[in-house]
Each structure stands twice: as structure tokens, then as C-alpha cells.
Amino acid sequence: MIVYLDEESRHVYGLLVSFLKVTAVNANNNTQEEVIILNGCSIDPYIFGNFETLDGGDSLSAKFRAFKFPESNYVKFVGTVNVCINECKG
């Protein structure tokens, strides 16, 4: 997963993913959710790694293994991306 700033914004702002969860709704309209990133850190780095940057925070990337909930064919990622002046403190 990659989160990045456009060319115009990257010289002014930095990024930090502070929260990320995955949700799914099954056939019975029951919602399942699991928190993946909390306070900027991965809950289970084996399934979803920590976001890292190679360019001072203009883009963030995290590797994750494919997964799904047993009763649903899709997942939706919902998260909080902090935008900071210059660079976010990790």
C-alpha cells in the first residue's frame, strides 16, 4: 500500500499514517473489522508491515500479505493520514 503527496504538495508537507483498520460486511449485513495500525505502529507486522518512507515522508509504503474475512469477498481499508508541515514526527 502506498500513500503519497502530489508534486506540488510534497515540498511543503509530510505524511504519517496513524490509524488503519480493515472492515467487511458479510451476507447477513454483519460488519467485521480489525485494527491494523494503531498510534502509527502495526498491530501484527507479519500480516501488515509498518509504513516506511525513503523520501523524508513525501510518500509512505507498507507491505502486507493477502487476507480476507471468512464470510466476505472484499475488505475496505479505512485510515487516518496526518498531514504535517515539512515532516511528521514518527
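Details
- Scoring PHE19 on the criteria (1) touching an Asp or Glu at 6+ places or on another chain (Cβ under 7 Å); (2) in a strand (DSSP E or B) leaves a single failure, condition (1).
- Consider region 25-55 and keep the residues that are open to solvent by less than 80 Å² (accessible area, probe 1.4 Å) and among the polar types (S, T, N, Q). The one that is modelled with the lowest pLDDT is ASN26.
- Considering residues of region 61-85 that are surrounded by fewer than 16 Cβ atoms within 10 Å (Cβ to Cβ) and in contact with a Gly (Cβ under 6 Å, 6 or more places away or on another chain) only, the residue modelled with the lowest pLDDT: CYS84
- Just one of the listed residues (ASP6, ASP58) is among the acidic types (Asp, Glu), in contact with a Ser or Thr (Cβ under 9 Å, 6 or more places away or on another chain) and open to solvent by less than 100 Å² (accessible area, probe 1.4 Å), namely ASP58.
The values are calculated or read from the model by the stated rules, or taken from the named source; none is laboratory data. Everything numeric here is computed off the predicted structure, so don't read it as measured data. Cβ atoms come from the backbone with ideal geometry, glycine included; neighbour counts cover every protein chain shown. Ligands, DNA and RNA are excluded from the accessible area calculation, which covers all protein heavy atoms including side chains. Shrake-Rupley method; radii C 1.70, N 1.55, O 1.52, S 1.80 Å.
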